[in-house]
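Contents: one structure, followed by commentary.
The values are calculated or read from the model by the stated rules, or taken from the named source; none is laboratory data. These numbers come from a predicted model, not from an experiment. FYI the Cβ positions are ideal-geometry reconstructions off the backbone, even for glycines, and counts take in every protein chain you see. Areas reflect the complete protein model, heavy atoms only, side chains present, ligands, DNA and RNA absent. Shrake-Rupley method; radii C 1.70, N 1.55, O 1.52, S 1.80 Å.
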Amino acid sequence: MLKVGLTGGIGTGKSEVSRVLVECGAVLIDADRIAREVVAPGTPGLAAVVDAFGEDVLAPDGGLDRPRLGSIVFADAERLAVLNAIVHPLVGARSRELEEAAPEDAVVVHDVPLLAENGLAPLYDLVVVVDARPETQLDRLVRLRGMTEQDARARMAAQATREKRLEIADIVIDNDVPLEDLRRRVRDVWAELVRRAQEPRQQPQE
């Protein structure tokens, strides 16, 4: 099994990269999706979030009002740390369960937005970073996701710097390119991941 950490700042196109990797044959473990599952209605995770932030973060249907919660935590580093302390251990436990269920010869890609922020690079055999210029990120967030510029800049500022992400990268995928160019680059990266997965691993010395 080759364990790959995939990360990138908001708006860099990491989700498209993960989709192409899945098409190629990767086993994807999506931390964002798991983060939604662990705070679904009726979960201990949601109860803990409500205890910390109040019932104002609940939507009328009893689920988590993610935009409301986001507007609180991404403008306040201390509140963001409180949320992360609740959610991250739950996500980590579920991610380990999914990894253990994957085939022994799989390339397992962990899609982890906050990989750099939380110092998680040592958990993986290698780290792939999806990179784009900050102005590209901002344009995508405003034009494609409908965020205000202020909200988009706050989300970007709450994450690691571009330089910090690049420092931990074993492979960088430049996504300041058209979609088809990106897909071609990702397929090339997949070929490299498969090659590395097939390399014999060194046995620890006794």
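Structure data summary
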quantity	calculated
Residue check for Val49: surrounded by 14 or more Cβ atoms within 10 Å (Cβ to Cβ), aliphatic (A, V, I, L, M) and modelled with pLDDT of 95 or more	yes
Subset of region 42-67 [in contact with a strand residue (DSSP E or B) (Cβ under 8 Å, 6 or more places away or on another chain) and in a loop (DSSP other than H, G, I, E, B)]	Asp65
Odd one out for Leu6 among (1) of a type in the set (A, V, I, L, M); (2) part of a helix (DSSP H, G or I); (3) in contact (Cβ under 8 Å) with a residue 12 or more places away in the chain	(2)
Boolean, Glu180 is more than 20 Å from the chain's Cα centre (by Cα) and closer than 20 Å to Thr7 by Cβ	no
From Glu199, Glu206, Glu100, Glu149, residue being charged (D, E, K, R), over 21 Å from Ala31 (Cα atoms), at pLDDT 90 or above and out of contact with any Pro (no Cβ under 9 Å at 6 or more places or on another chain)	Glu149
Some residue of region 68-80 being modelled with pLDDT of 95 or more and hydrophobic (A, V, I, L, M, F, W, C)	no
Flag if Arg162 is at pLDDT below 95, closer than 30 Å to Asp76 by Cβ and among the basic types (Lys, Arg)	yes
Single match in Leu21, Leu46, Leu69 (criterion: over 20 Å from Glu117 (Cβ atoms) and touching a helix residue (DSSP H, G or I) at 6+ places or on another chain (Cβ under 7 Å))	Leu21
Among (1) in contact with a strand residue (DSSP E or B) (Cβ under 7 Å, 6 or more places away or on another chain); (2) within 22 Å of Ala35 (Cα to Cα), the one test that Asp151 misses	(1)
Residues within region 94-104 that are in a helix (DSSP H, G or I) and open to solvent by less than 40 Å² (accessible area, probe 1.4 Å), tallied	2
Test result for Asn84, in contact with a His (Cβ under 8 Å, 6 or more places away or on another chain) and either within 20 Å of Ala158 (Cα to Cα) or open to solvent by 40 Å² or more (accessible area, probe 1.4 Å) (or both)	no
